[in-house]
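The values are calculated or read from the model by the stated rules, or taken from the named source; none is laboratory data. Nothing here was measured: the structure is a model prediction, and the numbers come from that model. Virtual Cβ from ideal backbone geometry, glycine too; neighbours counted across all protein chains shown. We work out accessible area using only protein heavy atoms, side chains counted, and drop any ligands, DNA or RNA first. Shrake-Rupley method; radii C 1.70, N 1.55, O 1.52, S 1.80 Å.
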Amino acid sequence: MASELVEITHVQEFSAAHRLVSAALSEAENRELYGPCFTDHGHNYVLEVTVRGQLDERTGMVMDLNRLSRLIVERIIERVDHRHLNHDVPFLAGTITTAENVAVAFWRELAAPIAAHGCRLHRVRLRESRMNLVDYFGPPNA
Ligand code: NI
């Protein structure tokens, strides 16, 4: 019997400050484009990481969720929680800290260690507020 393809998701929350500012725009253009987000402010983010893999008949699992949790905490949460995303997080240096860019940066931090466990990172979902979330499914043709 072929093993089943299953997706598992782990959720973590963190709080962080940021502001939206593009080095390619003037101060007036930044203010116009980003409005209140041009000023320092914070969010209670919710990060959902979905891994896709074969269901291992020996263990009944795709990937040990405790191991996935530890990996997300070590690679992401401990580096962003209660930090300023624009200034305090080396892997975000030089990026405009929109939820889109942050989700892509998180993907780059997580994809290789998840692959090392024989699974494939399927989706990084970052909720910035109750109304706004972004999904990233990785680079095309990856
Ligand atoms: Ni914001």
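Listed highest first by mean packing, meaning other Cβ atoms within 10 Å per residue, what order do 48-54, 87-93 come in?
48-54, 87-93
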Seminar exercise, completed: Heavy-atom accessible area of HIS10, protein chains in place, probe 1.4 angstrom, given in Å² to nearest 10, is 40
Seminar exercise, completed: For the stretch 5-136, the per residue accessible area (1.4 Å probe, Å²) is 56
Exercise. Can you tell which of ASN86, ASN66, ASN101 shows the greatest fluctuation in a Gaussian network model of the chain with Cα springs below 10 Å?
Worked result: ASN66
Seminar exercise, completed: Checking rank on 38-45, 121-128, with mean other Cβ inside 10 Å and highest first, the result is 121-128, 38-45
For this session: Taking the Cα centre of the chain as origin, sum charge times position over the Cβ atoms of Lys and Arg (+1) and Asp and Glu (-1), and report the length of that vector in debye to the nearest 20.
Result: 180
Exercise. Roughly what would the spin-label model give for HIS87 and SER3, points 7 Å off Cα along C-beta, in nm?
Worked result: 4.7
